[in-house]
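Participant: Please read through the structure below; I'll follow up with questions.
The values are calculated or read from the model by the stated rules, or taken from the named source; none is laboratory data. Note that this is a predicted model, so its numbers are computed, not measured. All Cβ positions, even for glycine, are placed from backbone atoms using ideal geometry, and neighbour counts span all protein chains on display.
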Amino acid sequence: MIPGSPADQTKKIHPRDIIISIDGTSCRSLSQEKIDRLLQEKRSTPLSLHIRRNSSTYQQFTISLLPQTFIIKTDRVTFSCKETNYGTLLFASIPSFYRHSSGISTTQDFLKEWNTYPPPQGLLLDIRNNQGGYISEAMTLIGLFIRTGALSKIIYRDGTEYIFRDLDPQKIYSGPIIILTSSITASAAEILAQTLKDYGRAIIVGDPHTYGKAALQMQTLTQDTPIPYTMTVGHMFSVAGYGFQGQGVRADIIVPSLWLSTPSQTKAHSNNTSPLFKDTLPDINPKQHDWYQEYYLPFLEKKDFHYRQWIPQLSKQSAIRMQRNPLWNSLRITHDESKDTLAYQIQQQEAKKILEDLVILLNPRKDAENN
């Protein structure tokens, strides 16, 4: 049951309760599609739900419930921080790329949280459970960390192309970024990781590679097939021209999940395309070129691998720590699935330590003063 939903607000419906009938009609005579529609459609009169509770008293009761739009308060962007001798380190969890007509979105939530903290010296983006969502939201979030420039390209089956661009030369942060990924990180989340990696803005930490879903798909019907089927209409490519379909985004520093990585279930599409760093505006109407020449091209984000040069040293330090972590080694040997949450936390803690290591390497004078 979703927190904040009409069912949750009644305080009368519990998880595992069974709906026997809706408005006097037995659920056994209704398809799942019909049930979903009845529970979700807008209406002016309440629904009558007959509920059975499988408890020791085997209760049955009826309640009235009015379906209504509500704001989901869970699975949204959250922040935490750590104060160090080198400044503030920010940790952001981004579970998906969402957007709502009320104005709620991943980017708005991110900025709202961001503005409650002092300017950080390091940033961790945890997208391990992020399997995508609105591609436009991912692009907007990327734009917070670069100046202007191409972000991604879609190539459709008929050969036409669409380029996502950031047109705003302002960015909220220029410091080091660690992106924590897993084998289920997919779609728009992979574009965020790969694009920031391509520009040199981020170092990828986590499972050896992400899921590898770069295909754009749609469901369609034909006269011969009344059952909807999924058709691939195009593929996404990163700003460097990398096609990650079936391959995923590769980690720079491997801090694996406790269990074996989930193999990609997507068909590989390994054809790469030309990079977009030097944007020649191939898809822009020539009548608009003057605007782009004045307000876009002079501010293009340049590739800068200043942070990424430290990957070998960071990787070595991380490997030593993980080898010396008795709890982590015990979990990997026993494969105790009940400890999955603990292993998940250890992986995040290690990513935070890698970020702190990077900040220290970038501030040798402060390190010397503290020692």
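Results for (1) in contact with a Phe, Trp or Tyr (Cβ under 7 Å, 6 or more places away or on another chain); (2) within 26 Å of residue 257 (Cβ to Cβ), shown as yes or no for each residue.
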{"position": "90", "(1), (2)": "yes, yes"}
{"position": "95", "(1), (2)": "no, yes"}
{"position": "98", "(1), (2)": "yes, yes"}
{"position": "102", "(1), (2)": "no, no"}
{"position": "110", "(1), (2)": "no, yes"}
{"position": "116", "(1), (2)": "no, no"}
{"position": "119", "(1), (2)": "no, no"}
{"position": "124", "(1), (2)": "yes, yes"}
{"position": "129", "(1), (2)": "no, yes"}
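Participant: Identify, by number, the condition in (1) at pLDDT below 80; (2) closer than 17 Å to residue 67 by Cβ; (3) not in a loop (DSSP other than H, G, I, E, B) that residue 43 doesn't meet.
Facilitator: (3)
Participant: Among the listed residues 62, 57, 69, identify the single one that is closer than 30 Å to residue 130 by Cβ and either in a loop (DSSP other than H, G, I, E, B) or modelled with pLDDT of 85 or more (or both). Working first, answer last.
Facilitator: On the way: 62 fails: closer than 30 Å to residue 130 by Cβ; 57 fails: closer than 30 Å to residue 130 by Cβ.
Only one candidate qualifies: 69.
Participant: Looking only at segment 133-187, count how many residues are at positive phi and either surrounded by fewer than 18 Cβ atoms within 10 Å (Cβ to Cβ) or at pLDDT below 90 (or both).
Facilitator: Residues meeting the conditions: 2.
Participant: Among the residues of segment 305-355 satisfying the criterion of being basic (Lys, Arg) and modelled with pLDDT of 95 or more, which is surrounded by the fewest Cβ atoms within 10 Å (Cβ to Cβ)?
Facilitator: In this case the residue turns out to be 316.
Participant: Where in segment 82-160 are there strands (runs of 3 or more DSSP E), lying wholly inside it, with at least 1 residues that are touching a His at 6+ places or on another chain (Cβ under 7 Å) and assigned by TED's automatic domain parsing to the domain that holds residue 197?
Facilitator: 149-156
Participant: Which condition number in (1) at pLDDT 90 or above; (2) more than 22 Å from residue 165 (Cβ to Cβ); (3) among the small types (Gly, Ala, Ser); (4) touching a Phe, Trp or Tyr at 6+ places or on another chain (Cβ under 9 Å) is the one that residue 264 fails?
Facilitator: Among (1) at pLDDT 90 or above; (2) more than 22 Å from residue 165 (Cβ to Cβ); (3) among the small types (Gly, Ala, Ser); (4) touching a Phe, Trp or Tyr at 6+ places or on another chain (Cβ under 9 Å), the lone unmet condition for residue 264 is (1).
Participant: Taking segment 178-196 as the search range and keeping residues that are in contact (Cβ under 8 Å) with a residue 60 or more places away in the chain and touching a strand residue (DSSP E or B) at 6+ places or on another chain (Cβ under 6 Å), which one is farthest from residue 243 (Cα to Cα)?
Facilitator: Step one: list which residues in segment 178-196 are in contact (Cβ under 8 Å) with a residue 60 or more places away in the chain, which gives 178, 180-185, 188-189, 192-193.
If we keep only those that are touching a strand residue (DSSP E or B) at 6+ places or on another chain (Cβ under 6 Å) too, we end up with 178, 180-182, 188, 193.
Numbers: 178: 22, 180: 20, 181: 18, 182: 18, 188: 13, 193: 13 Å.
Among them, the one singled out is 178.
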